[in-house]
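The values are calculated or read from the model by the stated rules, or taken from the named source; none is laboratory data. All of these numbers come straight from a predicted model, not from anything done at the bench. Cβ coordinates were reconstructed from backbone atoms using ideal geometry, including for glycine residues, and neighbour counts include every protein chain displayed. Just so you know, the surface numbers come from the protein's heavy atoms only, side chains and all, with ligands and any DNA or RNA stripped out. Shrake-Rupley method; radii C 1.70, N 1.55, O 1.52, S 1.80 Å.
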Amino acid sequence: MEHHPVPTTVLWDIDGTLVMNASSPGNLYHLALERAVGRDLTLRVGHQHGRTDAGLIAEHVRAHAFDDTIIPTVSGHLRDLTAERHASGDHRSPVPGATALLTRFAELGWRNGLLTGNSEYRARVKLAGAGFDEGLFDWDHSYFGDTEVERADVSTRAAAELVGTRAVIVGDTPRDGEAADAAGIPFLAVATGVFDVEALRATNAVTVARDCRVDAGLIEDAIAALPPLR
C-alpha cells in the first residue's frame, strides 16, 4: 500500500470518448462562420476529429480567405448555436459505460478532468445534454481548446500543471494520442469514436480499449500502473 498516494488525474476527451459523435459534426463551425459574415457560404472544410474549436474555426475562416480577426466573433456564434441546439432538445448520447467508469474513478479518489477541443461552456452543455452529472468532473483540473489552435498546446499546459502526479489522457482519435505524446502524458485509447481498435494500436497508447464497458477493468488497471509525470 502507498502511504502517500500520488494524485491521479484522468483527462477525458468529450466527443467520441464520453459522448457519441454528432451525425454531422462539422456543420456548426460552418454555420457560425456564416452568421459572422452575414451570408451563405460554400462548405470548404471537412470535419477532422480531434481538432480544437479554435483550430477548426481558424481553418473555416482561412478556407474563405477571411481575416483571422473574425475568429473571436465566430467563436461567439458557435457558443450561441450550441445553446440553441441544446434548448431545442438536440442532445447527444453518452458512450456506453462512461458514467459507471467516471463514478468508479471518483470512488478510487481519482480526479475526472477534461482535456477537450471544446470551450468549457460547450463541454458543459454537451455533457449535461448527454445526462452526465457535472459534479463528477474536476473543473479545476480540466483543459479546454477554445483558444489554442493546436491540441498539443492544450495538453502541454495540462502537463505543466500536473507534473509530479499521475495523469493520463483518455481519447478516441490519433490526434488525442499525438497531443499526449507532445506533452509527455500517457495516452489511453478507446475505440468509441470513428477510429477502430486497429487504427488506435498504431498510436503510442498504453492500452487500447474497445469501449468503457467491456474493457472497464483493463482501463482501470492500465491507469493504476502508470508512474507519475516527470
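Among the residues of segment 73-102, the ones that are loosely packed, with under 13 Cβ neighbours inside 10 Å and among the polar types (S, T, N, Q) come to 2 in all. Scanning segment 49-72 for residues that are at negative phi and open to solvent by 70 Å² or more (accessible area, probe 1.4 Å) gives Arg62, Asp67, Thr69, Pro72. For the criterion of being farther than 30 Å from Leu229 by Cβ, at pLDDT 95 or above, among the charged types (D, E, K, R) and in a helix (DSSP H, G or I), Asp40 fails.
Here is a yes/no grid of residues against (1) within 19 Å of Cys212 (Cα to Cα); (2) in contact with a Gly (Cβ under 9 Å, 6 or more places away or on another chain):
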site: Leu101; (1), (2): yes, no
site: Arg104; (1), (2): yes, no
site: Ser119; (1), (2): no, yes
site: Trp139; (1), (2): no, yes
site: Phe144; (1), (2): no, yes
site: Gly164; (1), (2): no, no
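Here Phe66 clears all of (1) part of a helix (DSSP H, G or I); (2) out of contact with any Leu (no Cβ under 6 Å at 6 or more places or on another chain); (3) of a type in the set (Phe, Trp, Tyr) except the condition numbered (1).
Pairs meeting the criteria (first residue in segment 210-229 and touching a residue at least 24 places away in the same chain (Cβ under 8 Å) and outside any loop (DSSP other than H, G, I, E, B), second residue β-branched (Val, Ile, Thr) and open to solvent by 40 Å² or more (accessible area, probe 1.4 Å), beta carbons under 9 Å, at least 6 apart or on different chains) are Ala222/Val206; Ile223/Val206.
Among the residues making up segment 127-181, none is open to solvent by 10 Å² or more (accessible area, probe 1.4 Å), touching a His at 6+ places or on another chain (Cβ under 9 Å) and of a type in the set (Ser, Thr, Tyr).
On the given criteria, is Val194 over 18 Å from Leu102 (Cβ atoms) and open to solvent by 50 Å² or more (accessible area, probe 1.4 Å)? In short, yes.
Scanning segment 204-230 for residues that are of a type in the set (Val, Ile, Thr) and in contact with a strand residue (DSSP E or B) (Cβ under 9 Å, 6 or more places away or on another chain) turns up Val206, Thr207, Val208, Ile219, Ile223.
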